[in-house]
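S.K.: Starting off with a structure, shown below.
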Amino acid sequence: MKAIILSAGQGKRLFPLTEDTPKCLLPLANGTTLLSWQLSQLSAAGFDEVIVVTGFQAARVEAELARCRSFIRSRTIYNPDYATSDNLRSVWCARAEMTGDFLLLNGDTLFMADVVQTLLSMPRQSITVTVSHKDRYDSDDMKVRLKDGLLHMIGKTLDPETVDAESIGMIRFLDEGVQEFRTIVEKTVESGHGDRVWYLSVIDRIAKSFAVHTAAVDADRWCEVDFPVDLQRARHAIALWDQPSSEKQAVAS
C-alpha cells in the first residue's frame, strides 16, 4: 500500500516561522522535521512508498525527501495552485496515484507508528477515517458525527455539542472506496468548486450514500501543527514518544 501526504501549503497561521519555510519542514528536534518524522513512522508501520504533494518551496521539500530515502522510497507531485486553493486541489493533483489501496495523510499530522498500525489492522472496509475522542471540541477541529456506528457527517462547522470525535487527518481507502473517492474528487473539481473546499467535504458527501467507517486512536498518540503553540506541543510529544518504554513509565509515575 502507498501513502499520499498533502504537504503543499505554506502554513500561514504559523508566521513568521513559515515565511520562508514550508510547514512540513519546521524543525522538531535533533534534525527531525514534521515530514521526516511522518516518513520514519510510516516506514516503521511497514510502508515502503510515499508520494508527497508539494507546493510552497517545493525544491526544499525535495531535498528533505532525498535525505530520507535511506529508509523509505518517495516521489513528489507538484500542485501549482497551492497558494490559491484548499487541499482538495492537492488531492486532485494526486488522483492518478489512486489506482489501488492507499493511505491519505495531512502534512501537519504527527503520529506514532502504532496509530498507522491500528488503522491498518481494522477490518477491510472501503473507507476508514481515523478519529480521536476528547472531552471538548473547538471551532478549528475537523469534527465527526457518527450514526449507527458509521461516519454520518464531518466538518469544522458542526455543532461541538453534537459530535462524537474529530478526524486526525489520516484515511485508508481500499477496493471500491478508492474509485468512489477519486470520482467525487474529480466531479467536485469539474464543477468549479474544487479550489474552495477541503477534501474532507468529499468524505462528508460520500457518507450520505456510502458506508464510511472509523478507527479510533488515543489522543496522546498523535497531534497536529496549525499554530506556533502546536509546534511546542509537538516537540514535547515526540520527545516523549522517542523515549524508551522504561523512561516513559518513569515520567508517567
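The values are calculated or read from the model by the stated rules, or taken from the named source; none is laboratory data. Just so you know, these numbers come straight off a predicted model, no measurement behind them. Heads up, the Cβs are rebuilt from the backbone with ideal geometry, glycines too, and the neighbour counts pull from every protein chain shown. SASA here: full protein model, heavy atoms, side chains in, ligands and nucleic acids out. Shrake-Rupley method; radii C 1.70, N 1.55, O 1.52, S 1.80 Å.
S.K.: Let's test the formula: R0 of 35 Å, r as the Cβ-Cβ distance of ASP175 and GLN243. What FRET efficiency results, to the nearest 0.05? Can you show the working numbers first?
M.R.: Values: r = 39 Å, r/R0 = 1.10.
Approximately 0.35, to the nearest 0.05.
S.K.: Counting heavy atoms of the protein chains only and a 1.4 Å probe, report the per residue accessible area for the chain as a whole number of Å².
M.R.: Numbers: 11570 Å² over 253 residues.
Accessible area per residue: 46 Å².
S.K.: Mean residue ellipticity at 222 nm from the helices of the chain, using -39,500 (n - 2.57) per DSSP H segment of n ≥ 4 over the full residue count, to the nearest 500 deg cm²/dmol?
M.R.: Working: 8 runs with 81 residues, N = 253.
Roughly -9500 deg cm²/dmol at 222 nm, from the helical runs in the chain.
S.K.: Straight distance only, please: which lysines reach the Cα of LYS134 with their own Cα at less than 23 Å, same-chain residues fewer than 8 apart left out?
M.R.: Partners found: LYS143, LYS147, LYS156, LYS248.
S.K.: Which of the peptides 127-137, 46-56 is most tightly packed, and how do the rest follow, going by the mean number of other Cβ atoms within 10 Å of each residue? Could the numbers behind the result be given before it?
M.R.: Details: 127-137: 17.8, 46-56: 20.5.
The packing order, highest mean first, is 46-56, 127-137.
S.K.: With a 10 Å radius around each residue's Cβ, average the other Cβ atoms per peptide and rank 113-122, 10-19, highest first.
M.R.: Working: 113-122: 17.3, 10-19: 15.2.
The most tightly packed comes first, giving 113-122, 10-19.
S.K.: OK, next. Please compute the length gained on full extension between THR183 and PHE210, using 0.36 nm multiplied by the number of residues separating them and subtracting their Cα-Cα distance. Before the final figure, lay out the partial values.
M.R.: Numbers: separation 27, 0.36 × 27 = 9.72 nm, distance 1.31 nm.
Gain on extension, THR183 to PHE210, equals 8.4 nm.
S.K.: Antiparallel as a % of all DSSP beta bridges within the chain, to the nearest 5? It would help to have the intermediate numbers written out before the result.
M.R.: Working: 21 of 41 bridges.
Expressed as a percentage, antiparallel bridges in the chain total about 50.
S.K.: Distance from the Cα centre of segment 142-221 to that of segment 1-41, in angstrom?
M.R.: Result: 23 Å between the Cα centres.
S.K.: Oh, and also: Using a probe of 1.4 angstrom, how much of the accessible area of the chain is carbon and sulfur, in percent?
M.R.: 49 percent
S.K.: Pop out the ³J(HN,Hα) list for segment 131-137 in order, Karplus 6.51 cos²θ - 1.76 cosθ + 1.60 with θ = phi - 60°, rounded to Hz; leave Gly and Pro as x.
M.R.: Listing the rounded values in order: 10, 9, 10, 8, 6, 9, 10 Hz.
S.K.: Then there's this: Less than 11 Å Cβ to Cβ from GLN125, Lys/Arg counted +1 and Asp/Glu -1: what total charge do the surrounding residues give?
M.R.: On the way: positive: ARG124, ARG172; negative: ASP175, GLU176.
Counting the neighbours of GLN125, the net charge comes to 0.
S.K.: OK, next. Compute the signed sum of charges (Lys and Arg +1, Asp and Glu -1) over the other residues within less than 12 Å, Cβ to Cβ, of ALA8. Walk me through the intermediate numbers first.
M.R.: Working: positive: LYS23, ARG89; negative: ASP81, ASP86, ASP108.
The answer is -1.
S.K.: By the gyration tensor of its Cα atoms, with a ≥ b ≥ c the square roots of the eigenvalues, what is the shape of segment 107-253: rounded for a/c under 1.5, prolate for a/b over b/c, or oblate? Before the final figure, lay out the partial values.
M.R.: Numbers: a/c = 1.94, a/b = 1.67, b/c = 1.16.
Taking the square roots of the gyration eigenvalues as a ≥ b ≥ c, segment 107-253 is prolate.
S.K.: Under the classification rounded if a/c is under 1.5, otherwise prolate if a/b is larger than b/c and oblate if not, where does segment 1-101 fall, given a ≥ b ≥ c as square roots of the Cα gyration tensor eigenvalues?
M.R.: Numbers: a/c = 2.03, a/b = 1.09, b/c = 1.86.
It comes out oblate by the Cα gyration axes.
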